Amino acid sequence: MIVTNQKAGLWVRGILAAGLYVVAAAMLALSLPAVGVETTPTSDPDTAAGAFFCLVLSALFLAATAVVSFRWKTARALCLLHLILMVIVWTQVPTPF
């Protein structure tokens, strides 16, 4: 009986980690249109602010994914790759301040 409960717990953690990661990847994808946009006096400041907000949410959901899936090596590698991509995107998005 205990083995069945452990398997159910692993399934729940796996589904939760997958859901959190999908949200983190979606937030990263939402910030991609702001990559390489120059900030000028006539440009929309909301684009940079929205991209910054999406990147912050992506980082939070990625951290939650890493906490939920701390034992799985594949999940750690995927989170690390996502973090590297997020840093690259973050350096290419104009600052909202």
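Relative to 2.2 N^0.38 Å, what does the C-alpha radius of gyration of the chain come to as a ratio? Two decimals please. Display every interim value, and only then the final one.
On the way: Rg = 16.9 Å, N = 97, 2.2 N^0.38 = 12.5 Å.
Rg over 2.2 N^0.38 Å, computed on Cα atoms: 1.35.
May I ask you to give the percent of accessible area on region 20-97 that is carbon plus sulfur, with a probe radius of 1.4 Å?
75
Please sort through the DSSP H helices of the chain and keep those with an alpha-carbon extent of at least 30 Å along the long axis and a Kyte-Doolittle average not below 1.6. Don't jump to the answer; show the numbers that get you there.
Details: long enough: 2-31 (44 Å, 1.30); 45-68 (35 Å, 1.82).
TM-like helix candidates: 45-68.
How far, in nm, would the chain grow between TRP11 and ILE84 when pulled straight, counting 0.36 nm per residue and subtracting the alpha carbon separation?
Working: separation 73, 0.36 × 73 = 26.28 nm, distance 2.74 nm.
Residue separation times 0.36 nm, minus the Cα-Cα distance, leaves 23.5 nm.
The values are calculated or read from the model by the stated rules, or taken from the named source; none is laboratory data. Model, not experiment: these values are computed from the prediction. Side chains are part of the model used for accessible areas, which takes the heavy atoms of the whole protein and leaves out ligands, DNA and RNA. Shrake-Rupley method; radii C 1.70, N 1.55, O 1.52, S 1.80 Å.
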